[in-house]
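Read through the structure below, which is laid out as structure tokens, and then see the notes.
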């Protein structure tokens, strides 16, 4: 059994969200994750205590939703790779014109499936698949000659469903060698 911990990200891939709630298998790689910028946050669920008059201790409690997101900064992406992740339209270079990304008014997020792969502390493979995320982008920080500023992508994990309202897996973790 391989340990499920994270020591290094080796790849980051995205694809369209599947209508049936399963993980997309046709994914495009995105290169250039800035070292030290990646974070996976799986928050504690909201807990609501149900109290009764006769006791100072909760009678019961119920768990609610939790925040789950992946954040990273991309500094090596080409315009054609970046455009679909920030809701933009890519136009290739042509005679007298540079390649460009245009972003329309109100575009702030896109839905994508995400897979990131890396190594655990023992050097074994760990792959995390997120079938449905909402990607929000920003360009944080100061632009200086001593650092490279990229596009920060915050990937908020959403609950996928099979199209008929039945919930499907929101995260799949694979680890170790293939059997």
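The values are calculated or read from the model by the stated rules, or taken from the named source; none is laboratory data. Note that this is a predicted model, so its numbers are computed, not measured. For neighbour counting, all protein chains shown are included, and Cβ atoms are generated from backbone atoms with ideal geometry for every residue, glycine included.
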For the range 134-171, what are the residues that are surrounded by 19 or more Cβ atoms within 10 Å (Cβ to Cβ) and farther than 21 Å from residue 78 by Cβ?
157, 160
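Let's see how each residue does on (1) at pLDDT 95 or above; (2) under 28 Å from residue 7 (Cβ atoms); (3) over 12 Å from the mean Cα position of the chain (by Cα):
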| residue | (1), (2), (3) |
| --- | --- |
| 82 | no, yes, yes |
| 110 | no, no, no |
| 136 | no, yes, no |
| 151 | no, yes, yes |
| 179 | no, yes, yes |
Which ones in the range 1-18 are at pLDDT below 85 and either closer than 12 Å to residue 128 by Cβ or touching a helix residue (DSSP H, G or I) at 6+ places or on another chain (Cβ under 8 Å) (or both)?
4, 5, 6
Among the residues of the range 65-90, which ones are within 15 Å of residue 152 (Cβ to Cβ) and not in a helix (DSSP H, G or I)?
69, 70, 71, 72, 73, 74, 75, 76, 77, 86, 87
Within the range 29-53, tally of residues that are assigned to a strand (DSSP E or B), surrounded by 14 or more Cβ atoms within 10 Å (Cβ to Cβ) and without any contact (Cβ under 8 Å) to a residue 60 or more places away in the chain:
1
Collect the residues in the range 130-148 that are in contact with a strand residue (DSSP E or B) (Cβ under 8 Å, 6 or more places away or on another chain) and closer than 24 Å to residue 118 by Cβ, keeping them in residue-number order.
130, 131, 132, 133, 134, 135, 136, 137, 138, 140
Of the listed residues (75, 101, 114), the one being at pLDDT 90 or above and in contact with a helix residue (DSSP H, G or I) (Cβ under 6 Å, 6 or more places away or on another chain) is 101
Kindly evaluate residue 21 against the criterion of being surrounded by 14 or more Cβ atoms within 10 Å (Cβ to Cβ), at pLDDT 90 or above and more than 13 Å from the chain's Cα centre (by Cα).
yes
